[in-house]
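This report refers to the structure that appears directly beneath it.
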Ligand code: SAH
């Protein structure tokens, strides 16, 4: 779909409605990809006045500890020259600002590369990081130097594919129109049984199996580059550690969950990340999987408690806010368990601070806190 089509009268909903009326239902992946492209293209969705709040916008401590993690693994890898800081979907550029400030105190001052498709967010990023280099996708990133890569709440925005078990077997889950002209999920007509992993093939009628080929492709490309160029990566997102049946697709607008099919392009569509699968993909592509930890445990291991204490001593009037931010980032009932941190590195690079190779407990899909 071109930009002109997206801007057609009636917006994306009208474009989808015409497309479905003319050619039949579209896949969930198609719907999610176009809806998010439109959603991010023109707005700053972050913060209390926006639709959702991400960890770097909650506290500077989040980006600082990421910067220290990167500087630490870089130093223990022998301070290789010419490393690049790469961030996928940097939002307002807040995480990069905090991470690079902390990293520079540890002697790491890398070139900065951002992978970002949204013109509106690129504008905010440029104001915060005038010296950065922007990329539409990973293919144009430097290929001859180690990469220190960060992606926070990036994989969750990539389109998922869903398969649904019907009386007649597995079908792709699609988006159709009902008689009133509303978007509704429908089963496709083509048999898709061969696309369902054996472990789920006997799930009951109505069961949904969700995969994210786009997330697997990104992790595969990052892992391949780590293997050939050196470096390390952190993927942080909400997700689960073991494969599960069920849809995790959700829409959030103004801090509330809304109907995924109600207003394409006007709400943030996300799905939980299948961390077990992307870890396997990374290892198959030649990277070291350093482990996947709950965000709370990881931040605690990196010293968020001590950092919060020193910030509070320096700004006693803000002590309550710093305490509240620490709880929000780390408490199991908040972002501490549902959000996970996966570390990858080049073969020959050292282990990552705060990570271990024991899978975190599977989290209940229905207990998802709002992002
Ligand atoms: N990392 C930021 C923003 C998370 S929101 C934070 O934590 O605050 C998702 C980000 O990914 C946005 O910057 C969005 O524009 C970008 N994005 C979403 N899909 C993308 C894609 N396919 N390619 C590149 N960037 C994408």
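Here are the numbers for this structure:
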item: Label-reachable residues, the stretch 51-68, where backbone N falls under 11 Å from a point 7 Å from residue 106's Cα toward its Cβ; result: 64-68
item: Principal-axis tilt of helix 213-229 within the chain, Cα atoms, nearest 10 degrees; result: 30 degrees
item: Cα gyration tensor category, rounded, prolate or oblate, for the stretch 190-268 with a/c compared to 1.5; result: oblate
item: Per residue Cα convex hull volume in Å³ - calculated over the stretch 235-291; result: 109 Å³
item: Prolate/oblate/rounded label for the stretch 104-155 (Cα gyration tensor, a/c 1.5); result: oblate
item: Prolate/oblate/rounded label for the stretch 140-229 (Cα gyration tensor, a/c 1.5); result: prolate
item: Cα coordinate range in the stretch 221-371, projected on the principal axes (Å, largest first); result: 47, 46, 27
item: Quarter of the Cα convex hull surface for the stretch 53-163, i.e. its orientation-mean projected area (nm²); result: 8.1 nm²
item: Highest to lowest packing among 78-86, 145-153, scored as the average C-beta count within 10 Å; result: 145-153, 78-86
item: Rg in Å to one decimal, and Dmax rounded to a whole Å, for the chain via C-alpha atoms; result: 20.8, 65
item: Over the chain: helical MRE at 222 nm, DSSP H runs n ≥ 4 each giving -39500 (n - 2.57), nearest 500; result: -10500 deg cm²/dmol
item: Inter-part distance where the stretch 277-349 and the stretch 153-188 are each reduced to a Cα centre, Å; result: 33 Å
item: Using alpha-carbon coordinates, inclination of helix 94-105 to the longest axis of the chain, degrees; result: 20 degrees
item: Angle in degrees between helix 11-23 and the longest Cα principal axis of the chain, rounded to the nearest 10; result: 40 degrees
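Each reported figure results from applying straightforward, stated rules to the coordinates on display, with no laboratory input. What you are looking at is a predicted structure, and each value in this text was computed from that prediction instead of being measured. All Cβ positions, even for glycine, are placed from backbone atoms using ideal geometry, and neighbour counts span all protein chains on display.
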